[in-house]
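What follows is a set of notes on a single structure, which appears directly below.
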Amino acid sequence: MLALCPPSTLPSAEAVREAKDELSRIAASVDIFVFPADPFRARRALGAALACLRPASFWESWFWSATAFQRLRQLARSTTFDLFHLDAVFLAPYRSAAPDIPVVLNHHNVESQLLASRASGERRWWLRRFFQQQSEKVATRERMLASNVAQNIVVSDLDASRLRELARTNAISTVPNGVDVEYFRANGAHGAKPGTLIFVGGMDWFPNRDAMEHFVSEIWPALLSDDPNRRMTIVGRNPPAAVVAEARDPRFRVLGFVDDVRPHFEDASICVCPIRLGGGTRLKILDALAMSRPLVSTEFGVEGLGLTEGEHYLSASTPADFVRQIRMLESNSALARRLAMAGREFIERHYSWVRVAESLEEAYAKALRRA
């Protein structure tokens, strides 16, 4: 295993050592390449400006490490590998370090489509143009790389159809995101607190940050106007300034990263997901449903998961929708219980690690046969 580690992921040398020790229990060898902290936003802005002039995308440059490339080349020459699992299209430059090993390319999202969505929602013209240009560059890379690997892995059938249309390849397997259904299980030690809502998700990922900024400015005021006794808990690293500022109100808690999210799910009566950008699937929705929490979400939030509105969750797209659906769940405990039970059962059937592992092994087997 070779892992690239931005400083925001593991912020201390101790955290890196702990991660390496844990990963070494399941991997023959582990190399973690920590990127140096960059205190200067100007340096990142310079990188973005240079990316406009280069054929490679900004993120390919951001994730490039010559040291990691050399280590990968050394491993490829000294060890026999059956497959090379490349975990994102942005890591494409590393492919040439091991040119003779069949590649399985993982797509957490169809990244070009996600960047195009971000561009369409960007009000500042210069950022809109930047993301449009980067989307085109990433699409070119996806098209070229996806059609020249042994197998592609996507997280949903929807992303499979998007990638198939873009890259004109049938070498695609759907391997969904999963959840540990034994770990994420409501223990019933204490009941949910009425009127308590929760959102969980790292806000260093743009769709989550955009969702929470929209929630704070539009949805939360409408919810308080409807019932000033409601409370909200936000869990996830790097909350934006507007979200942190809202925490001056004691009804609005911003916890940042937590070691164990389960107690916070159990405290909440309803999970909300106001995501407005599509692509991939939302891991924390899987966690919330596994914890038997009723869910109110946009269609983008549940995109690709196969959930049925009214059976596994309630749909909302506007602030008024969120108010109406949350009020309905708060006033109809039977409906809340039915959604919670159906969500848990759905996760057990489709998203347990056992199911995911079976799908991943099948994808690897297809890659070996094709290679």
Worksheet item: Given 260, 287, which one is acidic (Asp, Glu), closer than 23 Å to residue 181 by Cα and open to solvent by 30 Å² or more (accessible area, probe 1.4 Å)?
Response: 260
Practice prompt. Take the residues in segment 233-252 that are over 18 Å from the mean Cα position of the chain (by Cα), charged (D, E, K, R) and within 15 Å of residue 198 (Cα to Cα), then tell me which one is surrounded by the fewest Cβ atoms within 10 Å (Cβ to Cβ).
Written response: 251
Worksheet item: Quick one: is residue 255 outside any strand (DSSP E or B), under 25 Å from residue 218 (Cβ atoms) and either touching a Lys or Arg at 6+ places or on another chain (Cβ under 9 Å) or open to solvent by 10 Å² or more (accessible area, probe 1.4 Å) (or both)?
Response: no
Fill in: In segment 17-41, residue farthest from residue 71 (Cα to Cα) [restricted to those that are at pLDDT below 90 and surrounded by 11 or more Cβ atoms within 10 Å (Cβ to Cβ)]
38
Worksheet item: If you go through segment 112-135, how many residues are in a helix (DSSP H, G or I), of a type outside the set (A, V, I, L, M, F, W, C) and free of Cβ contacts under 8 Å to residues at least 40 places away in the same chain?
Response: 5
Worksheet item: Pick from segment 205-232 the residues that are assigned to a helix (DSSP H, G or I), farther than 13 Å from residue 243 by Cβ and modelled with pLDDT under 95: which of them is most open to solvent (accessible area, probe 1.4 Å)?
Response: 206
Response to the item:
Residue pairs qualifying under the 8 Å Cβ cut-off, at least six apart or on distinct chains, with the first in segment 308-321 being open to solvent by less than 70 Å² (accessible area, probe 1.4 Å) and the second being among the charged types (D, E, K, R), are 315/299; 315/309; 315/321; 316/324; 319/218
Item to complete: Look through segment 71-86, keep the residues that are part of a loop (DSSP other than H, G, I, E, B) and in contact (Cβ under 8 Å) with a residue 60 or more places away in the chain, and return whichever of them is farthest from residue 153 (Cα to Cα).
Response: 82
Practice prompt. Say whether the condition of being buried (at least 22 other Cβ atoms within 10 Å of the Cβ), modelled with pLDDT of 95 or more and touching a Gly at 6+ places or on another chain (Cβ under 7 Å) is met by at least one residue in segment 295-305.
Written response: yes
Worksheet entry | Of residues in segment 90-104 being within 20 Å of residue 140 (Cβ to Cβ) and touching a Phe, Trp or Tyr at 6+ places or on another chain (Cβ under 9 Å), the one most open to solvent (accessible area, probe 1.4 Å) | 96
Item to complete: Mind listing just one residue for me: the one in segment 149-178 that is assigned to a loop (DSSP other than H, G, I, E, B) and touching a strand residue (DSSP E or B) at 6+ places or on another chain (Cβ under 8 Å) and, of those, surrounded by the fewest Cβ atoms within 10 Å (Cβ to Cβ)?
Response: 169
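The values are calculated or read from the model by the stated rules, or taken from the named source; none is laboratory data. Given the structure is predicted, the values throughout are model-derived calculations rather than measurements. All Cβ positions, even for glycine, are placed from backbone atoms using ideal geometry, and neighbour counts span all protein chains on display. Remember, those area values only see protein heavy atoms, side chains included, never the ligands or the DNA or RNA. Shrake-Rupley method; radii C 1.70, N 1.55, O 1.52, S 1.80 Å.
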